[in-house]
Amino acid sequence: MTYNGDVTPGGAPAVRELDRLTVTKVSVGPMDNNAYLLRCHDTGEQLLIDAANEAPRLLELVADGGLATVVTTHRHMDHWVALEEVVAKTGARALVHADDADGLPIPAEPLRDGDTVRVGDCELEVIHLVGHTPGSIALLYRDPSGVPHLFTGDSLFPGGVGNTEQDPQRFGSLIDDVEHKLFDRLPDETWFYPGHGKDSTLGAERPALPQWRARGW
């Protein structure tokens, strides 16, 4: 079945098979948060992006493959409700950007811009995007056999950047980071996976960048 990234709370996961990595997307309630389980084909190692909620469901997704790492994209509570339980039951490492570490319910290892997070033989680049929160991050996987894959948390969605609560300084920081660190660096075919809702590509969103900047959100 062709992956399109459309998931609903309580619905079936969407599974995307890449050459070296499997990406499983699931939506958890009550706020329709996306969580992403990445599994390295060669080693079987697994990494979870955002243990948002519904710990039993996430643990069922992990199954008996074990979980090495949980990366939290930012400190907002709807992205870590299940973190403590998932880490306690799997022994996974918890990682978050240093500037958002104080917002999590458990201690987490600090990440910084440019760091590399491994899942088996695959590498994810940490990209710091300041504005939605001080320590928001995206994770970039450069598929050697295909297009780049970008997990953007709440910093980039189809139709605009993340919520900056009508703060001009925060919006300016986020739109600058998203434009320069993502759109300026990565090709149009880059597929991105946000913290809520549907996926998109940078190419589909690129023409609207001037409109986003002009409207201020």
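Would a scan of region 104-126 turn up a residue that is under 16 Å from PHE183 (Cα atoms), in a strand (DSSP E or B) and within 15 Å of the chain's Cα centre (by Cα)?
yes
Going through VAL62, VAL81, VAL96, VAL86 one at a time, which residue ends up being of a type in the set (A, V, I, L, M) and part of a strand (DSSP E or B)? If you could, list the steps in order and put the result at the bottom.
On the way: VAL62 fails: part of a strand (DSSP E or B); VAL81 fails: part of a strand (DSSP E or B); VAL86 fails: part of a strand (DSSP E or B).
VAL96 is the lone residue from the list that is of a type in the set (A, V, I, L, M) and part of a strand (DSSP E or B).
Quick one: ASN53 ticks every box in (1) touching a residue at least 40 places away in the same chain (Cβ under 8 Å); (2) more than 19 Å from VAL126 (Cβ to Cβ); (3) in a loop (DSSP other than H, G, I, E, B); (4) touching a strand residue (DSSP E or B) at 6+ places or on another chain (Cβ under 8 Å) except a single one, so which number is it?
Looking at each condition in turn, ASN53 falls short on (1).
Against the definition (of a type in the set (Val, Ile, Thr), closer than 17 Å to HIS79 by Cα and surrounded by fewer than 23 Cβ atoms within 10 Å (Cβ to Cβ)), how does ILE137 come out, yes or no? Please lay out each step first, then the result.
On the way: of a type in the set (Val, Ile, Thr): yes; closer than 17 Å to HIS79 by Cα: yes; surrounded by fewer than 23 Cβ atoms within 10 Å (Cβ to Cβ): no.
So ILE137 fails the test.
Do you know which of the residues in region 82-129 that are of a type in the set (Gly, Ala, Ser) and crowded, with 17+ Cβ neighbours inside 10 Å is nearest to LEU150 (Cα to Cα)? Write out each step before concluding.
Step one: of region 82-129, the residues of a type in the set (Gly, Ala, Ser) are 82, 88, 91-92, 94, 98, 101, 103, 108, 114, 120.
Adding the requirement that they be crowded, with 17+ Cβ neighbours inside 10 Å leaves 82, 92, 94, 101, 103, 108, 120.
Details: ALA82: 23, ALA92: 22, ALA94: 20, ALA101: 22, GLY103: 23, ALA108: 22, GLY120: 18 Å.
Here the residue is GLY120.
Determine whether LEU186 is more than 15 Å from the chain's Cα centre (by Cα) and part of a helix (DSSP H, G or I).
No; evaluated as a whole, the condition is false for this residue.
In region 162-177, what residues are surrounded by 16 or more Cβ atoms within 10 Å (Cβ to Cβ) and farther than 17 Å from ASP100 by Cβ?
Hits for region 162-177 are PHE171, ILE175.
FYI, it's all coordinate maths here, none of it is from the lab. The model shown is predicted, which means the values in this text are computed figures rather than measured ones. With ideal geometry, Cβ positions are generated from the backbone for all residues, glycine too; neighbour counts draw on all protein chains shown.
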